[in-house]
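Here the structure is laid out as C-alpha cells; the discussion comes afterwards.
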Protein chains: 2
Amino acid sequence: MIRLTQTVQKGGCAAKVPALMLREILAGVKFPPLIPGVAVDGALFDDAAIFNLTDELALVQTLDFFTPILDSPYDFGAVAAANSLSDVYAMGGRPKTCMAILAAPLATLEPHVIQAVLQGASDIITQSQSSLVGGHSIDDDTLKFGLSVTGLVHPRKVWKNDGARAGDKLILTKPLGTGTLCAGLKRETYSEDVIREAIDSMKRLNNIVDFLADSDAIHAATDITGFGLAGHGMQLAQASKVSVYFAFKQLPLFELTLASLHAGHLTKAHRSNDEYTKAKLRHSLSDIEKMVLFDPQTSGGLLLSVAADKAQDLVLTLAPHFPGVAVVGEVRAKDSFDVHVE
Amino acid sequence: MIRLTQTVQKGGCAAKVPALMLREILAGVKFPPLIPGVAVDGALFDDAAIFNLTDELALVQTLDFFTPILDSPYDFGAVAAANSLSDVYAMGGRPKTCMAILAAPLATLEPHVIQAVLQGASDIITQSQSSLVGGHSIDDDTLKFGLSVTGLVHPRKVWKNDGARAGDKLILTKPLGTGTLCAGLKRETYSEDVIREAIDSMKRLNNIVDFLADSDAIHAATDITGFGLAGHGMQLAQASKVSVYFAFKQLPLFELTLASLHAGHLTKAHRSNDEYTKAKLRHSLSDIEKMVLFDPQTSGGLLLSVAADKAQDLVLTLAPHFPGVAVVGEVRAKDSFDVHVE
C-alpha cells in the first residue's frame, strides 16, 4: 500500500514558506489597492480576510493546502479540510462554501487514493455544514490538497487577532505536538495507530461557534498552525499591542509530544519558527521543551483571548468537544517581549 | 536568466487533470450535500459556483492555478491572474476578492522571480478592480500560481452555461491557439517576442461586463480553457440541451496558430480533448485544422450565446477591447451531435 508521507520531502504546515522569507518577498511587491469593503486583509497576518457586503453580512475567506502529513489518504484529506476550515472559525465565522485545491501525480497515484483524499475532505465539509462547490485539479509531481473556504460572519462579531486586552485569559482548544509526531511518522518511528490521538485532533473542526451561547466574551482569536504557538502568539500580541504570557505547565500536549521532541523528530519549521520569534520571546525552558513553542501545527487549536471572568465557563462548555482544551496563560500590558513562557 | 517553462514538464491549462479521468475519479466520491443558497455547483462543469446570499446578491466563486507556460515571471503571473478572474466574468460577475495560490521551489528560485510573478498578478487584479486579500504559499518542487476569486452578481443576472437557445449566435472574445504556441515556446521554437500576440491575449481580462450597457442579450456564457473549444462547447451544448454549430473559417486564430499546429507543437491535452469530445463532435476538418478545436486554451476567450439580433452590436461594442472578437457560429435544436464544425 502506498505510504503518502514517503512521497514528499516536507509534509503539512512544515512545508509553508518560512515567515521571514515570505515577509521579505512580499515587501518587494506593489499590491493592488484595497477596494471598499475589505476590512481585514493579509497585512496583519490574521487568519482570514474579511469583506463587508452589507451592515449585517461579511465574508470570511481563507485558503490553505499542503503535502501529505499522513499515510492514510482519507485522514490526510480530512485533516487538510479541517485545517482549511479552521481559519474561518478563527474569525468567528461559519463556513458556507469550499473549493478544492488538488495536485496529484496521475501516473503513479491510483484513482482510489485520490478518491479517498476527496472523501475524507467531503466528510469533514459535511460536518462543518458547508458545501463543496468547485475546485481545480492538476497533474503534479507530488500530492497536495487543501481548500479555499468562504464563510459568513456579522461584521461586528468578527474575532480579529488585534482585540486581545490586558487582563484576558488565553485558552487553547487543542494539544500541541502535531509537527513532531508527524515527523516521527514520516521517519517510520511511529505508526498512525501510535499517534492516533494527534490524528483525531487534526481532523477535529475548530467549530467552537457551534457551541457558544455568547461569543462576545472572545476578544481575539487565531489558529495555531505552521508558525507554532510562539509564532502565532507573537502575531496576536503584536496585532493587539499587548504581551502574552503562557504557563508552560498548562499547555496541553499529546501524550508523545515531549518524547518525540526528545527523540529528535524535528522539521525545518522548528528552526525557522525559532528564528522568527527569537527577538520577541522570553522563556527559561530546556532545549527540548522550547521546541513545543516552535512545533509547527497542522490543523492546530484556536488560541482565544477571553474576558477573565468568562474563561472557566468557556473551557467547561468546550471540554466535551475539545479534548485538552485549557486556560494556558494570560494577556498583560505590552512590555519588551511579545511572548513570555514561564 | 531562468526560463520558467524549462522548469516544468507540463505548462498551464495543459496540466489540468483530463476531463474523463476527473469524471471517473469524482464519480467514486460521496460529496457533501448542498446547503441552501448553492445555486450552481461543479456538477454541470460550469465555470464558477453561485451562492445566493440575498434576493439581490450572490457570490460567484472560482479557483484556478497552474505551472509556468511562459518564461517571463511577470507575464506568467499576469496570465495566471487573468485566467482565474475569467471564470467570474464568464458568469456575468464582477470580481471583488482574490486569494493567491503559490507553490515555489525556494531553494532554486530567487525571490525576485517570485516577486515578479506576484507583481504580474497584482497588476491584473488592479485592472479588474478587485483586491488581493490573502493566500497560501508552500515550498514545492515546481512553480505553480493561481487565484481563488470571489465576485458578486445579481442572482437573476447570472450567465450560466445552460441558457443557450436555438437561434442564438455564438461569439468568441479571443483568438484560439495558446496551447500550441506555448508548446512551441517550451520547445524553444518560438521566443516570447514571436508569440507576443498570444501573450497579450492571455493577459487580457475577459471583463466584458465593464463594457455592456445591457447584459440581458447574453443567454449563456463559458470561458474556453483547458478542454478547448470542442470540450467547453460540448459542455455548454449539453448543459443547455442544444447543439452548437461553429463555422471554422470564422474562428479567430493567432497568426501562428495553424503553422504551430502544422509544426507538431501539441500537448497531451490535444489528445485527451479529442477523446473527451469524440462521440459528440462532427466535423470534416483536416488533421491539422481539427487540432484548433482541441487546443487547450490558457486564459482563453469567453464563448457567448447571444440573441441573434443583438450579436453584431455586441461584437462592435467589444471589438475595441478584444482583438479578434467575432461571431463564430450559432445554436440549433439538439441533434445527434453536441458540436458541429463546418
Using a 10 Å cut-off on Cβ to Cβ distances, tally the other chain neighbours for every residue of B:90-102 and report the average as a whole number.
4
About the Cα centre, charge dipole magnitude for the protein assembly as shown (Lys/Arg +1, Asp/Glu -1 at Cβ), debye
20
Loop only by DSSP, 14 or fewer other Cβ within 10 Å of the Cβ. Give me the trypsin sites (Lys or Arg not before Pro) in the stretch A:237-313 that pass, ordered by residue number.
A:LYS241
Please report how far the C-alpha centroid of the stretch A:250-319 lies from that of the stretch B:123-182, rounded to the nearest whole angstrom.
41
Kindly provide the Kirkwood hydrodynamic radius of the stretch B:4-157 in Å, to one decimal, from all pairs of distinct alpha carbon atoms.
16.5
Would you mind checking the radius of gyration and Dmax of the stretch B:256-314 based on alpha-carbon positions, in Å?
14.2, 40
Please find, among residues of chain A, the one with the beta carbon closest to the rotation axis relating it to chain B, distance in whole Å.
A:SER148, 2
Which percent of Cα pairs goes in each bin when the distances of the stretch B:169-341 are cut into 5 angstrom slices starting at zero?
1, 9, 19, 22, 20, 15, 9, 4, 1, 0
Cα-Cα pairs in the stretch A:24-105 separated by more than 18 Å, as a whole percent of all pairs, come to 54
Output, in nm with one decimal and in ascending order, the distances from the A:ASP309 label point to the matching label points of the other copies (7 Å from Cα along Cα-to-Cβ).
7.2
Please report the base-10 log of the normalised intensity I(q)/I(0) for the stretch B:126-180, using a Debye sum with one equal scatterer per alpha carbon and no solvent, at each q in 0.17, 0.23, 0.24 (1/Å).
-1.04, -1.13, -1.13
Considering only the stretch A:169-341, what is the antiparallel percent among its DSSP beta bridges, to the nearest 5?
70
Net charge near B:LEU236: determine it from the other residues with C-beta under 9 Å of the C-beta of B:LEU236, scoring Lys and Arg +1 and Asp and Glu -1.
-2
HN-Hα J couplings of the stretch A:52-66 from phi, Karplus 6.51/-1.76/1.60, θ = phi - 60°, integer Hz, Gly and Pro as x?
7, 9, 9, 5, 10, 9, 9, 8, 10, 10, 8, 8, 7, 7, 7
In 20 Å bins starting at zero, report the fraction of Cα pairs in chain B per bin as a rounded %.
33, 60, 7
Can you give me the C-alpha center-to-center distance between the stretch A:231-247 and the stretch A:60-105, rounded to a whole angstrom?
25
Please report Rg over Rh for the stretch A:286-340, where both radii come from the alpha carbon positions and Rh follows the Kirkwood definition.
1.01
Subset of A:LYS144/A:LYS280; B:LYS241/B:LYS310; A:LYS96/A:LYS144; A:LYS203/A:LYS334; B:LYS169/B:LYS290; B:LYS144/B:LYS203 violating a 26 Å alpha-carbon distance limit:
A:LYS144/A:LYS280; A:LYS203/A:LYS334
If N is the number of residues in the protein assembly as shown, what value comes out of its Cα radius of gyration divided by 2.2 N^0.38 Å?
0.96
Farthest positive-ward along the stretch B:4-157 dipole, Cα basis, beta-carbon charges - from B:SER137, B:PRO32, B:THR126:
B:PRO32
Convex hull per residue volume in Å³, alpha carbons only, for the stretch A:77-182
138
Rounded to the nearest 5, what % of the DSSP beta bridges within chain B are antiparallel ones?
75
Solvent-accessible area buried by pairing B with A, both sides, nearest 100 square angstrom, 1.4 angstrom probe:
5500
Run the label-point distances for A:LYS334 please: 7 Å along Cα to Cβ, every other copy, nanometres, shortest first.
6.5
From the phi of every residue in the stretch A:225-242, what ³J(HN,Hα) in whole Hz does the Karplus formula 6.51 cos²θ - 1.76 cosθ + 1.60 yield, where θ is phi - 60° and glycine or proline is x?
10, x, 8, x, 4, 5, x, 6, x, 5, 4, 5, 4, 5, 5, 8, 6, 9
Measure of compaction for the stretch A:120-243 (Cα Rg per 2.2 N^0.38 Å):
1.27
Computed over the stretch A:205-290, Kirkwood Rh from alpha-carbon pairs, angstrom
15.0
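The values are calculated or read from the model by the stated rules, or taken from the named source; none is laboratory data. The model shown is predicted, which means the values in this text are computed figures rather than measured ones. So basically every Cβ, Gly included, is an ideal-geometry build from the backbone, and we count neighbours across all protein chains shown. Ligands, DNA and RNA are stripped out before the accessible areas are found, and what is left, the full protein with its side chains, is counted by its heavy atoms. Shrake-Rupley method; radii C 1.70, N 1.55, O 1.52, S 1.80 Å.
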